[in-house]
Amino acid sequence: MYKELKPMLTPSELIEHLDKKGVKFELIDKEDAKKYLEENNNYFKLVSYRKNFPKYENGENAGKYIDLDFKMLVDLSIIDMRLRKTMLNIVLDLEHYAKVKLLSKIENTSKDGYTIVEEYIQDLKNKDEYDYLGKELEKNKSGTYCGDLVTKYDGEYPIWVFVEIIPFGRLIKFYRFVANKLQDRKMIDESYMLMDVRELRNACAHNNCIINDLKANTSRYTASYRVLNEVAKIGISKKIRDNKLSNTRIKQIVTLLYLNKNIVTSEGILKYQAKILHELKDRIEHHIDYYNTNQLVQTNLNFLNKIIDNWYNNNI
């Protein structure tokens with residue numbers, strides 16, 4: 001049985017639909033809201049932020065949103081766009097310095113640059129994962145940017161080439177393999193945190209909404225104890241940090257910011273990151289008063305801003 005197909009509504013019809021759902025048009029009028037939908041955003045993405053707003057449970061307004069204005073959806077979508085661009089910028093720097101750290105670790109051991117890769121590939125054969133690596137390399141072989149490297153080294157990859165021709169997910173697995181070989185507990189922990197970062201990275205790269213679901217207890221795993229300890233140092237209570245970091249999206253953002261400042265070694269890059277993070281913070285605060293009656297949104301945004309203020313001092 002097919003699901004009933006929903007008709008495609010015009011911007012005017014969508015505005016009226018939201019109006020019936022209790023969405024207000026006080027901070028922005030309906031005509032400007034209609035224009036916004038026509039020129040700046042699609043309805044599906046914009047209304048996803050409504051999940052952060054409660055509904056009346058009973059009474060004449062049962063099922064309608066509480067204190068939700070269309071302009072708040074616009075504001076959250078703009079913050080989200082700025083957040084995605086900022087986080088993607090940072091995660092690309094982190095990826096580069098994770099590779100630098102790997103190379104540095106191997107340079108300080110008795111292993112040459114080829115042996116560690118051979119050991120990793122042999123380990124994959126033992127786990128029946130070698131074919132999947134082959135598919136990843138074959139895909140890059142036909143690519144514009146890495147194809148020449150894959151072809152040139154053809155199965156005999158030094159580590160400085162290998163880290164450049166594998167996708168981020170594979171890099172994390174290789175990072176963990178090297179960490180286990182070196183019995184480096186800190187690197188092992190970092191590899192698990194990088195898995196959280198990877199999901200956020202992919203969401204940002206694919207322009208997925210990030211802050212459209214800020215409810216607590218959405219994460220299957222607790223944040224790293226290293227992250228929790230670092231958050232505790234800036235005066236955030238256990239109750240608050242446990243609550244905020246139980247949300248998958250907030251946990252991934254905070255994990256990225258923690259990991260980045262612990263792996264990236266360039267003062268220039270950290271200074272630039274502080275600059276763009278404080279620009280994001282300023283945008284978050286621009287209309288923070290919109291959410292005075294919505295503790296879920298306001299406290300999560302304030303939580304992120306406190307992390308930025310304490311971990312990325314704008315005077316670095």
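The values are calculated or read from the model by the stated rules, or taken from the named source; none is laboratory data. Computed from a predicted model, the values in this text were never measured in an experiment. Glycine gets a Cβ as well: all are built from the backbone with ideal geometry, and neighbour counts include every protein chain shown.
Yes/no per residue for (1) within 30 Å of the chain's Cα centre (by Cα); (2) on the phi > 0 side of the Ramachandran plot; (3) assigned to a loop (DSSP other than H, G, I, E, B); (4) among the hydrophobic types (A, V, I, L, M, F, W, C):
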position	(1), (2), (3), (4)
41	yes, no, yes, no
45	yes, no, no, no
51	yes, no, no, no
60	no, no, yes, no
63	no, yes, yes, no
77	yes, no, no, no
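When the residues of region 121-133 are filtered to those that are within 28 Å of the chain's Cα centre (by Cα) and part of a helix (DSSP H, G or I), the one that is surrounded by the most Cβ atoms within 10 Å (Cβ to Cβ) is 133. Of the residues making up region 194-214, those that are touching a residue at least 60 places away in the same chain (Cβ under 8 Å) and in a helix (DSSP H, G or I) number 8. Among the listed residues 113, 143, 169, 134, identify the single one that is closer than 30 Å to residue 280 by Cα and not hydrophobic (A, V, I, L, M, F, W, C). Answer to the selection: 169. Consider residue 220 carefully, then state whether it is over 13 Å from the mean Cα position of the chain (by Cα), basic (Lys, Arg), assigned by TED's automatic domain parsing to the domain that holds residue 79 and not in a helix (DSSP H, G or I). So residue 220 fits the description; yes.
Checking each residue in region 274-297 for being polar (S, T, N, Q) and either in contact with a Pro (Cβ under 9 Å, 6 or more places away or on another chain) or buried (at least 16 other Cβ atoms within 10 Å of the Cβ) (or both) picks out only 294. Taking residue 100 as the residue in question, decide whether it is over 30 Å from residue 186 (Cβ atoms) and either modelled with pLDDT of 95 or more or surrounded by 18 or more Cβ atoms within 10 Å (Cβ to Cβ) (or both). So residue 100 fails the test.
Checked against the criterion of being assigned by TED's automatic domain parsing to the domain that holds residue 78, crowded, with 18+ Cβ neighbours inside 10 Å and of a type in the set (Lys, Arg), region 189-198 contains one or more residues that satisfy it.
Is it the case, given these coordinates, that residue 46 is in the same structural domain as residue 213 (by TED's automatic domain parsing), aliphatic (A, V, I, L, M) and in contact (Cβ under 8 Å) with a residue 12 or more places away in the chain?
Numbers: in the same structural domain as residue 213 (by TED's automatic domain parsing): no; aliphatic (A, V, I, L, M): yes; in contact (Cβ under 8 Å) with a residue 12 or more places away in the chain: yes.
In short, no.
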